[in-house]
Amino acid sequence: MNEIIELTERDNTFKVLMPVKNIKSIVSNDDGTAFIETGVDKKGESTGFYTKETFEDIKRTIAKLILFA
């Protein structure tokens with residue numbers, strides 16, 4: 001899967017073009033936004049970034065990519 005989605009980092013509001021294949025998981029936050037997990041560091045902690053987009057919006061975007069791939 002070579003699909004790429006555009007996301008907005010929550011705190012610094014910079015745009016990120018993220019290959020879907022590099023996303024390990026997407027976690028919903030209490031406020032509806034999401035944490036994109038891209039891996040695990042040497043301590044076993046999740047690495048990634050928080051988004052301004054909602055979990056549901058990201059889920060829909062990825063589903064559309066997969067559906068029309």
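Summary of values
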item	result
Answer from THR13, THR54 - the residue that is at pLDDT 95 or above and out of contact with any Leu (no Cβ under 8 Å at 6 or more places or on another chain)	THR54
Residue that is surrounded by the fewest Cβ atoms within 10 Å (Cβ to Cβ) [pool: residues in the stretch 21-39 that are over 10 Å from the mean Cα position of the chain (by Cα) and among the acidic types (Asp, Glu)]	ASP30
Test result for ILE58, surrounded by 15 or more Cβ atoms within 10 Å (Cβ to Cβ) and not polar (S, T, N, Q)	yes
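The values are calculated or read from the model by the stated rules, or taken from the named source; none is laboratory data. Computed from a predicted model, the values in this text were never measured in an experiment. Glycine gets a Cβ as well: all are built from the backbone with ideal geometry, and neighbour counts include every protein chain shown.
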